[in-house]
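Bear in mind these aren't lab numbers, they're just calculated from the coordinates by the rules spelled out. If you're wondering where the values come from, they're calculated on a predicted model, not measured in any experiment. Reconstructed Cβ throughout: ideal geometry from the backbone, glycine too, with neighbour counts over all protein chains shown.
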Amino acid sequence: MSAQDAATRLFRELTGRDADGVWSAPGRVNLIGEHTDYNDGFVLPFATPHRTYAAVGMRDDERIRVASTFAEEPVEAGLSELELTFPISAEQDAWAAYPLGVAWALLLAGASGRGVDIAIASDVPVGAGLSSSAAIEGATASALNELWGAGLDRTALASIGRRAENEAVGAPTGIMDQMASMLGEADAALFLDCRSLEAQSIPLGMAEAGLAVLVIDTRVAHAHSTGGYRERRASCEKGAAIMGVPALRDLSTADLPRADGLMDDITFRRVRHIVTENQRVLDTVRALREHGARAIGDLLTASHASMRDDFEISVPELDTAVQSALDAGALGARMTGGGFGGAAIALVEQDAVPAVADAVAAAFAAAGFAAPNAFAVSSGDGARRDG
Ligand code: GAF
């Protein structure tokens, strides 16, 4: 059964009636530009063909109820008491902070409306670093924006999703994932300036170039609400403060020698990753425009080396995925997303997809890692109404 049908069916089981509508939003693959978003920098993600569907209907009272195919029980709250709900401590209900957080953030932004029932189903792999969370946020925000007549544009809805993630879920993330999920376009990546939120669609032309993006899900679970992600963010803020700039976005590679003299080695390497990664995003956009997808492989691989050596957010499984894909002929490869697990991507010849996937699987087996899940992705559409 498709995820859309599963959401529609779950809604009927929950309420005994048909939903008022079905909305969906995709996950994202980040082509390049990692941890640059919360440094006011540049990113270049694209929307996945995998989507999350929300079948939604209005209620006659002021309550909100969310159900999903991946949870045993629905979670329910009064619209006026939503903020008392966060953080959700019961592990089995933690997922509900995403849709409930979106409703809460929309109400804070001035939306108003009656209660709603929401049934969610998804085919975005969870924990794979493809931002299944932004997909839930995007589908829910699109639905409530319409049903509550809030009239917010896609960029504003991305900010609603980010607020839910930061304040209701408690993950200190940037805006990249929500923007990619709301604004993605088929066969294009989204070149986003995370300071101005100005976004441009950059055609990828993968199929014309005979290339494919292979996602390699290492199956190493990751979370952004704790630990390493938060620490990296703090190091970036420290580096910017030492350099006397509002954000690391305001530094260029010419500033790095001065930075090196002013801060400890770890902070300097965190800063160097962000500064060089911003430059790599700009270089990738230029290469795509001037020469096409075949020209970006080395930039992807350089991005991975920077995350592995300077930002230190890779894990052995991600390094193995990248190296074995390159050894098998990939034009470039890098981990994608927040790191500490999740997925890598490899830019490969279309007809070499099975051979590269096999080579990566063999390298994982030889290293004693659990088998990875590799699949080719093309870029899909952003959030939309489906029914
Ligand atoms: C996660 C976060 F949610 C994004 O905001 C971004 O910081 C990314 O990690 C790293 O580039 O996906």
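Per-residue Karplus couplings for region 55-60, computed as 6.51 cos²θ - 1.76 cosθ + 1.60 with θ equal to phi - 60°, are listed in order as 8, 10, x, 6, 10, 8 Hz, Gly and Pro entered as x.
Which angle from 0 to 90°, rounded to the nearest 10, does the C-alpha axis of helix 297-309 make with the longest principal axis of the chain? It works out to around 90 degrees. The slack in the chain from Q92 to A305, taken as 0.36 nm per residue of separation less the alpha-carbon distance, amounts to 73.0 nm. Taking the Cα atoms of region 1-114, the ratio Rg/Rh between the radius of gyration and the Kirkwood radius comes to 1.01. Computed extension length for R286-E83: 68.7 nm, one decimal, from 0.36 nm per residue of separation with the Cα-Cα distance subtracted.
The phi torsions of region 318-323, fed into the Karplus equation with coefficients 6.51, -1.76 and 1.60 and a -60° offset, translate into couplings of 5, 4, 5, 4, 5, 5 Hz, rounded to whole numbers, with Gly and Pro shown as x. With the gyration tensor restricted to C-alpha atoms of region 201-353, the semi-axes of the equivalent ellipsoid amount to 29, 19, 12 Å, longest first.
First check a/c for the chain, with a ≥ b ≥ c the square roots of the eigenvalues of its C-alpha gyration tensor; if it is under 1.5, answer rounded, and if not, answer prolate when a/b is larger than b/c or oblate otherwise. Prolate, since a/c reaches 1.5 and a/b exceeds b/c.
Where the centre of each part is set by its Cα atoms, how far does region 29-65 sit from region 125-194, in angstrom? Here the answer is 3 Å between Cα centres. The ratio of the alpha-carbon radius of gyration of region 203-263 to the globular-protein estimate 2.2 N^0.38 Å is 1.74. Using the average count of surrounding beta-carbon atoms within 10 Å as a protection proxy, the listed peptides 287-294, 182-189 rank, highest first, as 182-189, 287-294. For region 263-353, the orientation-averaged shadow of the C-alpha convex hull comes to 6.0 nm² (one quarter of the hull surface).
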